[in-house]
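Colleague: The structure's right below; bear with me while I get my questions together.
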Amino acid sequence: MSDIAVSKPWLASMRLRAMIVTGMIMFLFISMHLANLALGLISVQVMEDWRWTLTGVWTSFPPLKMALSVSLAVHFLLALLSLFLRNTLRVPAYDMAQMVAGVMIIPLLAPHVFGVMAAEELGLRTNYALVLNHFWVVSPAAGLMQIVMLVVAWIHGAIGVFTWLQSRDGSARVMRVFYPFVVALPILAMLGYVEAGRQVIPVDEGGAGFVLQDDPNADGPAVAAEDIPGIIAKAEDRAEIATRVSLGLVLLALAARWVRLRRIPSGRVRVTYIGARAATFEADPGMSLLEMARAHDVPHASVCRGRGRCGTCRVRVLSGDAHLPDPTDIEAQVLQRWNAGPDERLACQIKPTDGTLEVARVIEADYSNLDYSETKRATNAPAGVA
Amino acid sequence: MDWLRRFALILAVLVSAGTASAQFVPTTGNSNAPTTAAPSPNDVREFLRLLGDPTIQAWIADSANPDGTLDSGPALTLREQMDAQLARIGERARSLALAWQVLPQMPSVLSDVWVTELTHAQKVRSVTYILIFLLIGFGLEWLYRQTLRYPLLRIEQAPKDAPSQKLLGALLRAAIIFAGLGIFAIGSIGAFDSFDWHPLVESLVLDLLVSVLLFRVLTTISLFFQAPRAPELRLVPYGTAAAQFLHRIVQVMAFAIVAAFALSYMLSRVVEEHEVDLDSSLATVALAQTVVLALFVVLVSWVCIWITFRRLPSLCNIEGSSKALLIWRNFLIILVGVVFALWLTGLFGVMWAVLIVGLAVPGLRLMRAWIDHFFDQSTTALHDAHMAEAQAALDAFDRAEGFGELEDGEPQPETPEFADPYAATRPIVQRGARFLFLISAVLMLSWAWGVSVLDLSSDQSIMGRVLEVLIDSIVALLLADLVWTWAKTVIDKRIADYEPPVDGQAPGPEARMITLLPLLRTILLVTLLIMVVLSVLAAAGVNIAPILAGAGIVGIAIGFGTQSLVRDIVAGIFFLIDDAFRLGEYIEVGDLMGTVESISIRSMRIRHHRGKVHTVPYGELKSLTNHSRDWVIMKLEFRVPFDTDLQLVKKLVKKVGAELQANEHYGQSILSTLKSQGVRRMEEFNMVVGVKFMTKPGEQWLVRRDAYQKVRDAFEANGIRMAERNVKVEIDGGDYLTDAQRNAVAGAAQEAVQGPTGPKAAIPDEP
């Protein structure tokens, strides 16, 4: 990350901002969509009544539709960029989960999106009666995939929002709301989906269940019967193309990253941690100090997990001949916010090259001495990069 | 790679599997031995009455087989029992052979059943439900874990010195994680259960949810002991690499076992649903299915054992003992094989016995090593702290020496000896753990054999009797052993810790216990032995009431005969408990005096200071005077003439007191030094000046000697004369008497005053 940050700090800052803004737009969409699903706990009718307000507005109101699709594209491309810039793939579990989930989203999402589009082409009005029937009765495997999709997308988004919230000041109050929200909404949505399914399934099996009043799809597809397979095949083709393109781009980013890492000069850095849980290890240069510590199982505090936002990974550089460039703007801002001493640096931002380095943690790995009020003492410090 | 392909095949078979009721649950293979006692006429009448009872008739009708026969009663003789057992094995072998024949068709048959039971949509929906409810459980658990994230992190990462802290931390963490599992269970199983479902779908999904929970519980237990990612909480004596490896092995084993059970139970659900179609071919397929599952578990176990013993030496840096490792590996592999073979032959009781006993042997050894390690760690931690303290003292000394702050000749501080505080606890914990381990093994064994420990007495079969006797005896022995180990350790430690008093010093209160403890130990041993023997006899069916009564009568007879002996012993115990005297004390009993030289059960020996030895039975003691307790006051008197300067006397006595106090030999024993008490009384010809001092017992004689001598010297040096008895004879108009006459008169008067002089009463001697 800091390769860019060193040369063009505003660009790195822009990238982070764009990532968060686009991510938040999609998170808002998913939240509303899940809220809509959760209404299934009451009845499919209520679900249908609220469909336009909660979901349809994103697909039929042009500015929102535009914002959503642009967000998706921008977010995906920026994610590829950060994948390219990652120095190590030995990342914390949350980051790994977010990464894997991110890669999986488009392949899982494509059939749903193109399927709904194909339904429009067939002249069917997309409503919950149609979709639920499709997912529970006609093609339960697709329904299963939707659940996987929902979970994957939600995990990806929630981790992103989390990381953003955690690294902000005074987020404790927001967190108190966000923690239950992030669990309750998908659970309610899934239960709503299950309950709606239980209302829809018996109809197919000849029992009593939910039937939509004035179903616009009662007459079946509006197009000629011989065109239907073609339209469906086209939708499937599109979904497959989208899947292949997205996975291909991810592979491309990984390959480019591999080439980039190959070009980093080799050498050895010898790092010594002093204080409680002291440790010494040798590492390849190119990684940040935090990544090196993680790679050698040295516990390290890091709330934002190495994004240079929270400042909890600060270390005191005691001695060592390893060359450390001056703090970038991002790092300087965070250090200033914490009233850090002149010898303090962010472990996630410094990349020691050849030589030795002796550091001590400012905040213990178990956060036992983490005190957010330290930041309050700063007078006009900007409120973080994010 | 061939075995891998076979493995994949087996796995595929398992996944597509569809029917069979598992034979995992053991059936009672033994304990069917009969009774042959003839009924009494009363019993016969009662039996006839019962037969007439309509409820009993209904019950018999209910419990009859579908074809109208009742289950044939247990075989009558050992021979018949053997035959029955052999027949069962033969039956089992035949069905196994049949199962072997249908094995190739098994996948197709199972998939057929699977297809007919559930539609495709239902199957996929079941998977969806499983996924959704698992996710709900995980989500709630995550929320819970998130709220406890920092406490958990602190527990995991805070440095821990003592193993007790480690254990506490591990327990806390396990509690937190288990509470999370509970929430997971509520979130997944509870949420699922609150909907109404298609019965088969419901049971399938529930089975899988429960399996996931079971798997997680097993891995959490492994986590509790091994803590692969939190070295501070690890309770087992090996490093992170070994812990991570073994944790993975445990996960694999747990997965294999839980999966096998889940599949076989799932299949039994389908069969239950199927009910009607429980014909022979399906039963055979079920058996084949179960055999394949069991084989899968056995293979996984073998592979795990093999890999574990291969990797472990390099992970734990074990050297030299490769032969022992090899033996244990082979033992475990053979054990698994034997258990599987027994299961195949259908001897479930024997199988459980072999499994439990086979695992108990290495389990006991491991547990012993583990507890030892735990205590070693504690002792090492304490020892390190102790050594650091001693080193700090030494360093301080060296520093002081360097600065020249010390007086010459001050010795270097010695390193105090390190005493292991767990020396007494360790064997008790060892025995206690062994006790619990063996008891649970015995309970499992009895459960596996279908013998309920609680209502054993109703079981009249030979096997039941033997088991009952065995279990009762083992429990009695283990309990007695536990109590005995505890008592012995405590008593031995107290005796070992006792330091006999240095010559000339009064012994401490421990001396009393030292006389009592060996006696107590013997009494306890005898009592425990008698109790164990009696309970074993009682368990074996011997009526112990006559023995007890006989013992009581003999006890009374002996008691009468040895009345005085008993009185001596009991009185002695009470004197010792009262702490009336201790070894080395100077006591007075009636008209006997002397130092207590030895204390035995019945009597004590007192040595008079002139060498006579008295032996006094405790029963004879009415009251006892102890001269060696705490302090002694001694009062002395001096007679001085009336014209003595009392202020001077006071001053002189004070000076002498100070001198006595400063004496290097007995100065320390003086509790309150010599001081004047002024004039105690006036006598005809002089004043009596009293002085007194207080010393530790036994020191007063020496001090008295010096006090007399020093006071006399001081008086003389200061012109104070001791009053002497003199007679002043006044003779009216005696001026004219000659000296000779005066003397004669004085002599006559003295005789008249003093009376005839005779030998005085003996003054008590010093000891």
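The values are calculated or read from the model by the stated rules, or taken from the named source; none is laboratory data. This one's a predicted model, so the numbers in the text were calculated from it and none came from an experiment. Here Cβ is always computed from backbone atoms with ideal geometry, including for glycine, and neighbour counts include all displayed protein chains. Surface areas here come from the heavy atoms of the whole protein model, side chains and all, with no ligands, DNA or RNA. Shrake-Rupley method; radii C 1.70, N 1.55, O 1.52, S 1.80 Å.
Colleague: Taking the options B:712, B:681, B:704, B:725, name whichever one is surrounded by 13 or more Cβ atoms within 10 Å (Cβ to Cβ) and under 30 Å from residue B:747 (Cα atoms). Step through it out loud before you land on a result.
Modeller: On the way: B:681 fails: surrounded by 13 or more Cβ atoms within 10 Å (Cβ to Cβ); B:704 fails: under 30 Å from residue B:747 (Cα atoms); B:725 fails: surrounded by 13 or more Cβ atoms within 10 Å (Cβ to Cβ).
So the residue among B:712, B:681, B:704, B:725 that is surrounded by 13 or more Cβ atoms within 10 Å (Cβ to Cβ) and under 30 Å from residue B:747 (Cα atoms) is B:712.
Colleague: Same structure, new question: Take the residues in region A:299-331 that are touching a helix residue (DSSP H, G or I) at 6+ places or on another chain (Cβ under 9 Å) and among the acidic types (Asp, Glu); name whichever of them is nearest to the other protein chains (Cβ to nearest Cβ).
Modeller: That would be A:331.
Colleague: Turning to a different aspect of this structure: Which residues, counting only those in region A:117-176, are more than 30 Å from residue A:17 (Cβ to Cβ), within 14 Å of another protein chain (Cβ to nearest Cβ) and in contact (Cβ under 8 Å) with a residue 24 or more places away in the chain? Lay out the reasoning, then the answer.
Modeller: First, the residues of region A:117-176 that are more than 30 Å from residue A:17 (Cβ to Cβ): A:117-148.
Those left that are additionally within 14 Å of another protein chain (Cβ to nearest Cβ): A:132-148.
If the condition is that a residue be more than 30 Å from residue A:17 (Cβ to Cβ), within 14 Å of another protein chain (Cβ to nearest Cβ) and in contact (Cβ under 8 Å) with a residue 24 or more places away in the chain, then A:132, A:133, A:135, A:136, A:137, A:142, A:143, A:145, A:146, A:147, A:148 are the ones that fit.
Colleague: A follow-up question, please. Taking the condition closer than 30 Å to residue B:715 by Cα, more than 47 Å from the chain's Cα centre (by Cα) and open to solvent by less than 40 Å² (accessible area, probe 1.4 Å), does residue B:632 pass? Quick ask: steps written out before the conclusion?
Modeller: Values: closer than 30 Å to residue B:715 by Cα: yes; more than 47 Å from the chain's Cα centre (by Cα): no; open to solvent by less than 40 Å² (accessible area, probe 1.4 Å): yes.
Taking the combined requirement at face value, the residue does not satisfy it.
Colleague: Which one is most open to solvent (accessible area, probe 1.4 Å) among residues in region B:157-193 that are within 14 Å of chain A (Cβ to nearest Cβ) and at pLDDT below 80?
Modeller: B:161
Colleague: Check residue B:26 against each of (1) closer than 19 Å to residue B:343 by Cβ; (2) modelled with pLDDT of 75 or more and name the one condition it does not meet.
Modeller: (2)
Colleague: Let me ask something additional. Taking the conditions exactly as written (closer than 30 Å to residue B:315 by Cα and not aliphatic (A, V, I, L, M)), does residue B:247 satisfy them or not? Walk me through how you get there before you give the answer.
Modeller: Numbers: closer than 30 Å to residue B:315 by Cα: yes; not aliphatic (A, V, I, L, M): yes.
Yes, satisfied.
Colleague: Against the definition (away from chain A (no Cβ under 14 Å), assigned to a helix (DSSP H, G or I) and not small (Gly, Ala, Ser)), how does residue B:204 come out, yes or no? Break it down stepwise before answering.
Modeller: Numbers: away from chain A (no Cβ under 14 Å): yes; assigned to a helix (DSSP H, G or I): yes; not small (Gly, Ala, Ser): yes.
Yes.
Colleague: Given the residues A:79, A:73, which is the only one that is under 22 Å from residue A:255 (Cα atoms), surrounded by fewer than 18 Cβ atoms within 10 Å (Cβ to Cβ), modelled with pLDDT under 90 and of a type outside the set (D, E, K, R)? Write out each step before concluding.
Modeller: Numbers: A:79 fails: surrounded by fewer than 18 Cβ atoms within 10 Å (Cβ to Cβ).
Going through A:79, A:73 in turn, just one is under 22 Å from residue A:255 (Cα atoms), surrounded by fewer than 18 Cβ atoms within 10 Å (Cβ to Cβ), modelled with pLDDT under 90 and of a type outside the set (D, E, K, R): A:73.
Colleague: Inside region B:335-358, can you point out the residues that are surrounded by fewer than 15 Cβ atoms within 10 Å (Cβ to Cβ) and touching a residue at least 24 places away in the same chain (Cβ under 8 Å)?
Modeller: Filtering region B:335-358 down to residues surrounded by fewer than 15 Cβ atoms within 10 Å (Cβ to Cβ) leaves B:337, B:341, B:357.
B:337, B:357, listed by residue number.
Colleague: Give the residue that is surrounded by the fewest Cβ atoms within 10 Å (Cβ to Cβ), with candidates limited to residues of region B:135-146 that are touching a Phe, Trp or Tyr at 6+ places or on another chain (Cβ under 8 Å) and facing chain A (nearest Cβ under 7 Å). Before the answer, list the steps.
Modeller: Within region B:135-146, the first condition is being touching a Phe, Trp or Tyr at 6+ places or on another chain (Cβ under 8 Å), and the residues that meet it are B:137-138, B:140-141, B:143, B:146.
Then keep just the ones that are facing chain A (nearest Cβ under 7 Å); that gives B:140, B:143, B:146.
Details: B:140: 22, B:143: 18, B:146: 16.
If we take residues in region B:135-146 being touching a Phe, Trp or Tyr at 6+ places or on another chain (Cβ under 8 Å) and facing chain A (nearest Cβ under 7 Å), then B:146 is surrounded by the fewest Cβ atoms within 10 Å (Cβ to Cβ).
Colleague: Can you tell me which residues in region A:278-302 are assigned to a loop (DSSP other than H, G, I, E, B), surrounded by fewer than 20 Cβ atoms within 10 Å (Cβ to Cβ) and out of contact with any Gly (no Cβ under 9 Å at 6 or more places or on another chain)?
Modeller: Residues of region A:278-302 assigned to a loop (DSSP other than H, G, I, E, B): A:278, A:284, A:286, A:288, A:296-302.
From what is left, the residues that are surrounded by fewer than 20 Cβ atoms within 10 Å (Cβ to Cβ) are A:278, A:284, A:296-298.
Within region A:278-302, A:278, A:296, A:297, A:298 meet the criteria.
Colleague: Take region B:475-499 and flag every residue that is more than 12 Å from residue B:524 (Cβ to Cβ), open to solvent by less than 60 Å² (accessible area, probe 1.4 Å) and small (Gly, Ala, Ser).
Modeller: Within region B:475-499, B:476 is the sole residue that qualifies.
Colleague: Do we find that residue A:184 is surrounded by 20 or more Cβ atoms within 10 Å (Cβ to Cβ) and at pLDDT 85 or above in this structure?
Modeller: Working: surrounded by 20 or more Cβ atoms within 10 Å (Cβ to Cβ): no; at pLDDT 85 or above: yes.
For residue A:184, the condition - surrounded by 20 or more Cβ atoms within 10 Å (Cβ to Cβ) and at pLDDT 85 or above - is not met.
Colleague: What about residue B:675, is it in contact with a helix residue (DSSP H, G or I) (Cβ under 6 Å, 6 or more places away or on another chain), more than 29 Å from residue B:597 (Cα to Cα) and open to solvent by 80 Å² or more (accessible area, probe 1.4 Å)?
Modeller: Criteria met by residue B:675.
Colleague: If you check every pair at least six apart or on different chains, which have Cβ atoms under 7 Å apart with a residue in region B:545-564 that is under 18 Å from residue B:618 (Cα atoms) first and a residue that is surrounded by 10 or more Cβ atoms within 10 Å (Cβ to Cβ) second?
Modeller: Listed pairs, sorted by first residue: B:559/B:566; B:564/B:619.
Colleague: For residues that are more than 18 Å from residue A:255 (Cβ to Cβ) and among the aliphatic types (A, V, I, L, M), tally how many sit in region A:82-99.
Modeller: Taking region A:82-99 as the starting set, the residues that turn out to be more than 18 Å from residue A:255 (Cβ to Cβ) are A:90-98.
Still in the list and also among the aliphatic types (A, V, I, L, M): A:91, A:93, A:96-97.
Total meeting the criteria: 4.
Colleague: Quickly run through region B:195-206 and pick out the residues that are open to solvent by 20 Å² or more (accessible area, probe 1.4 Å) and over 47 Å from the mean Cα position of the chain (by Cα).
Modeller: B:195, B:196, B:197, B:198, B:199, B:202
Colleague: Related question: Which condition breaks for residue B:461 when tested against (1) surrounded by 15 or more Cβ atoms within 10 Å (Cβ to Cβ); (2) at pLDDT 70 or above?
Modeller: Answer for residue B:461: the failing condition is (2).
Colleague: Just name the residue that is surrounded by the fewest Cβ atoms within 10 Å (Cβ to Cβ) out of those in region A:320-359 that are at pLDDT below 80 and not in a loop (DSSP other than H, G, I, E, B).
Modeller: A:329
Colleague: Quick check on my filter: what residues within region B:124-134 are within 8 Å of chain A (Cβ to nearest Cβ) and open to solvent by less than 40 Å² (accessible area, probe 1.4 Å)? Full working, then the answer.
Modeller: As a first pass, look at region B:124-134 and keep what is within 8 Å of chain A (Cβ to nearest Cβ): B:124-125, B:127-129, B:131-132.
Answer for region B:124-134, where residues must be within 8 Å of chain A (Cβ to nearest Cβ) and open to solvent by less than 40 Å² (accessible area, probe 1.4 Å): B:124, B:125, B:128, B:129, B:132.
Colleague: Are there any pairs, at least 6 apart or on different chains, whose C-beta atoms fall under 9 Å, with the first in region A:343-371 and within 13 Å of another protein chain (Cβ to nearest Cβ) and under 22 Å from residue A:307 (Cβ atoms) and the second in a strand (DSSP E or B) and open to solvent by less than 60 Å² (accessible area, probe 1.4 Å), and if so, which?
Modeller: Pairs that qualify, where the first residue is within 13 Å of another protein chain (Cβ to nearest Cβ) and under 22 Å from residue A:307 (Cβ atoms) and the partner is in a strand (DSSP E or B) and open to solvent by less than 60 Å² (accessible area, probe 1.4 Å), are A:361/A:273; A:361/A:314; A:361/A:315; A:363/A:314.
Colleague: Moving on to the next point. Can you spot a residue in region B:97-118 that is within 14 Å of chain A (Cβ to nearest Cβ), open to solvent by 70 Å² or more (accessible area, probe 1.4 Å), at pLDDT below 85 and closer than 30 Å to residue B:185 by Cβ? Let's see the steps before the verdict.
Modeller: As a first pass, look at region B:97-118 and keep what is within 14 Å of chain A (Cβ to nearest Cβ): B:118.
Remaining after also requiring open to solvent by 70 Å² or more (accessible area, probe 1.4 Å): none.
No, region B:97-118 contains no residue that is within 14 Å of chain A (Cβ to nearest Cβ), open to solvent by 70 Å² or more (accessible area, probe 1.4 Å), at pLDDT below 85 and closer than 30 Å to residue B:185 by Cβ.
Colleague: Can you list residue pairs whose Cβ atoms sit under 9 Å apart, with the first residue in region A:49-66 being farther than 20 Å from residue A:21 by Cα and the second being in a loop (DSSP other than H, G, I, E, B) and open to solvent by less than 60 Å² (accessible area, probe 1.4 Å)? Count only pairs 6 or more apart in sequence or on different chains.
Modeller: Within 9 Å, the pairs are A:51/A:126; A:51/A:127; A:56/A:126.
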